[in-house]
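Read the structure below first, then the notes.
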Amino acid sequence: MRTAAAILRKDLLLELRTLETLPSMALLSISTFVIFHFGLNQDSLSGQLAAGVFTVTLLFAAMLAINRLFVAEREQGGFDAFLLAPVDRTAMFVAKAAALFIFMVALELVAVPAFALLLAPPRLGHSLAGFVLLLVLADGAFAVIGTFVSALAVHTRARDLIGPIIGLPLMLPALIATARGIGPLLRANSSGSPQLKWLLVLALYDLFNALLAVGLFDYLIEE
Amino acid sequence: MSTHVRHLRGLTVVTALMITAGLALTFFYAPLDAEQGFVQKIFYIHVPLAIVSLVGFCLGGVYGIGYLRTGKRVWDMRSYCAIHMSLIFSVAGLLAGSIWAKASWGHWWVWSDPTLVSYLIVILLYCTYQPMRFSIEDPERQARYAAVFSIVAGAFVPINFIIVNLSSEYLHPRVLNLEGGAMPGSMKLAFYTSLIAVALLFATLMKYEMAAKELRIETRRLRRRLLGDDAGPLGRTASPS
Amino acid sequence: MQLPHCVGEMRDAASTITTEGAAAAADGGSPVVALERLSRHFGERTVLRGITLELRAGQTLAVLGRNGAGKSTLLRILATLLRPHAGSVKLFGEPLPRQAWAVRGRIGLLGHEPLLYRDLSGRENLTYHARLYRVPTARVEEVLAAVGMRQRGDDPVRSLSRGMVQRLTVARAVLHSPELLLLDEPRSNLDPAAGDLVEPLIGRSAGITRVLTSHDPQAALAEADLVLALAGGRAAYLGPPDGLAPEKLRSLYA
């Protein structure tokens, strides 16, 4: 855990110094909302359509972070440095997943207000608690699957292509659950609380993938 | 003949016999569907193809575990061939299934059938297997990453089916049972014979592919021994080498 | 360069490091590095084949050979970064790769890559490494002083000259007081003054067991107790430096 904390600290410090990932994620999400506004020719969205637009936007932004997650390790010797140290390999997974999770939360701090402002989904304020709960679980899926896929892709030659094409199908179940969970919350007659089913599906999918990724991560970073 | 592939000839003969039997039963024994007519017969092909390919994908994951545990190249080869063959079978199954869907539901593609949708997602995931392998140059890393992929993807197959099922149950109750739980006896016989035939076909083709690969590796090894280390660079490849 | 006024602090730091190294050398007896018929291949190309040698505590092994002879591969195997494919490797008596975890903290690698993040400062980089190795952060200042980089310690690594980066790399490699140093052309990019600066840390006087490669074979021979000359992955010569005939040496690089 101390090792994971050290890596996470280093990653956040690097992001603070370079500001490479987060601003791009935020900009991309806002641009995506604008594109959806024109593409759908709607000033406001509600229900399942709004949920779909928001989920896809999150996915786009997450893809940026996922593509960059291990690039510094790969290009600046971070992997070697880490492998030389007498520490548990899983710490790297924990730290990177935590970093990705933090990036996603930070992005949502911008993207959710922008979504409310630009596409005015009804009842967002009313069902905010359930909405946030679903987002946290979705962020868990992005973090776990994203870290795994990023670690897999970073050693390939075409990592910018390999990451998304493997990541999208793997994330689909989580995206289905997120979109279906958010949809009813943004209807005009929303009750304000999400269906338990989707919360459970997301939580279980997070857990399942986390266990799988922790078990297999060592094989991905070894030389 | 190669070291890891045995009984190829016997298997081939049995497979050919089973396929003949399966086709004969399908066309001459199984009842003609009252509503859909002759086209319905494709059911005896596409469902076995789908089932076998999904089992094959999961098998690829099991072989992947074998590779990570032992580090022996033959496990990587098995995993690769299982997934490669499954991908071919699954695309064939998807096409055949699409024809069947057109015949029985009137559409080439229906989103309301979760089995079809989740099957598509699984195929999309496995389509990335070869590009991923091809994009890793170090053969050892290639095998290791492929094994990790095969395990994660193999575990993904059932989970994905469950979640996609959940999502459509909610909107559209399922009317059709693809697995045909309520088949009359004559249908059952034809169906299970076809299933076994397709499974045998899978095993046979996989073994042929493995034999070919091992032969190629052996040839290259001999060539290297003959010509020395500079027998020409190894072309980049997605398959185990 | 700010050499003059930090000479004092750097001497102090250097002397403590030297005693630690000497202590490590003293408990010798069993070999620190023992290779037996070590082989490693990349795909079908063999990079190292049948290397057998023993290196005792405090000794220096110079690995010679032209580019692509397998020098860096050998160092990476000893650093536990690559697995041996055949033969056995023992470090401090522990077999690799099975017991790699047991020896990792005792090895310091100075390779071609600095293993430092360009956008972080030297101090931040070393602090990160100190946390990875569970070394008290006070040690960071100690090694920064020893390589004369305290003044520029807060500048991002990307803004430093190659020589300064190399000094930081030396600091990184000795941060956790390793008992075995793996040095891949350690003095590249260092001017003579900086070379003198790092000598107490990674030089012969540090008393640490070392495996080193150098693009300057004469200098490497002068430092070595044992020489391994590699040609096409095979040991073309293994023995004391004075046993290596000049024409043999020339043919290695021809």
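The values are calculated or read from the model by the stated rules, or taken from the named source; none is laboratory data. Since this is a predicted model, take the numbers as computed values, not measurements. Reconstructed Cβ throughout: ideal geometry from the backbone, glycine too, with neighbour counts over all protein chains shown.
Observations on the structure shown:
- Some residue of segment C:64-84 being in a strand (DSSP E or B) and either among the hydrophobic types (A, V, I, L, M, F, W, C) or crowded, with 22+ Cβ neighbours inside 10 Å (or both): yes
- Criterion: modelled with pLDDT of 85 or more, farther than 30 Å from B:ILE151 by Cα, surrounded by fewer than 14 Cβ atoms within 10 Å (Cβ to Cβ) and more than 20 Å from the chain's Cα centre (by Cα) - qualifying residue of B:ALA34, B:ALA24: B:ALA24
- Filter result for C:GLY148 (touching a residue at least 24 places away in the same chain (Cβ under 8 Å), of a type in the set (Gly, Ala, Ser) and away from chain A (no Cβ under 13 Å)): yes
- Positions within segment A:177-223 being more than 30 Å from C:ARG83 (Cα to Cα), among the small types (Gly, Ala, Ser) and modelled with pLDDT of 90 or more, in sequence order: A:ALA177, A:ALA179, A:GLY181, A:GLY183, A:ALA203
- Lone qualifier among B:VAL14, B:VAL47, B:VAL55, B:VAL39 - being of a type outside the set (Gly, Ala, Ser), surrounded by fewer than 18 Cβ atoms within 10 Å (Cβ to Cβ) and within 20 Å of B:LEU124 (Cα to Cα): B:VAL55
- Near pairs, Cβ below 6 angstrom, 6+ apart or cross-chain, from segment B:44-58 (part of a helix (DSSP H, G or I)) to any residue that is buried (at least 22 other Cβ atoms within 10 Å of the Cβ) and polar (S, T, N, Q): B:TYR44/B:SER194; B:PRO48/B:SER194; B:SER53/B:SER86; B:SER53/B:SER90; B:GLY56/B:SER86; B:PHE57/B:SER86
- Among residues of segment A:172-221 being buried (at least 17 other Cβ atoms within 10 Å of the Cβ), more than 20 Å from A:LEU133 (Cα to Cα) and at the interface with another protein chain (Cβ under 9 Å from one of its Cβ atoms), the one that is nearest to the chain's Cα centre (by Cα) is A:ALA213.
- Verdict on A:ALA138 being surrounded by 24 or more Cβ atoms within 10 Å (Cβ to Cβ) and either in contact with a Phe, Trp or Tyr (Cβ under 6 Å, 6 or more places away or on another chain) or more than 17 Å from B:VAL152 (Cβ to Cβ) (or both): yes
Yes/no matrix, rows are residues, columns are (1) of a type outside the set (D, E, K, R); (2) out of contact with any helix residue (DSSP H, G or I) (no Cβ under 7 Å at 6 or more places or on another chain); (3) over 19 Å from B:LEU116 (Cβ atoms):
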| site | (1), (2), (3) |
| --- | --- |
| B:ARG9 | no, yes, yes |
| B:THR12 | yes, no, yes |
| B:ALA21 | yes, no, yes |
| B:TYR29 | yes, no, yes |
| B:GLN40 | yes, no, no |
| B:PHE43 | yes, no, no |
| B:HIS46 | yes, no, no |
| B:LEU49 | yes, no, no |
| B:LEU54 | yes, no, no |
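- Taken as a whole, the condition of being crowded, with 23+ Cβ neighbours inside 10 Å, aromatic (Phe, Trp, Tyr) and at negative phi does not apply to B:PHE134.
- C:GLY43 being within 14 Å of another protein chain (Cβ to nearest Cβ) and either in contact with a helix residue (DSSP H, G or I) (Cβ under 7 Å, 6 or more places away or on another chain) or at pLDDT 70 or above (or both): yes
- Qualifying residue in segment C:229-252 (condition: assigned to a loop (DSSP other than H, G, I, E, B), acidic (Asp, Glu) and surrounded by fewer than 21 Cβ atoms within 10 Å (Cβ to Cβ)): no
- For A:VAL154, the criteria (1) in contact with a Leu (Cβ under 7 Å, 6 or more places away or on another chain); (2) crowded, with 20+ Cβ neighbours inside 10 Å hold in every case but one, which is (1).
- All positions within segment B:128-151 that are within 8 Å of another protein chain (Cβ to nearest Cβ) and within 25 Å of B:HIS46 (Cα to Cα): B:THR128
- Those residues of segment A:10-41 which are surrounded by 15 or more Cβ atoms within 10 Å (Cβ to Cβ), of a type in the set (A, V, I, L, M) and away from every other protein chain (no Cβ under 14 Å), in sequence order: A:LEU22, A:MET25, A:ALA26, A:LEU28, A:ILE30
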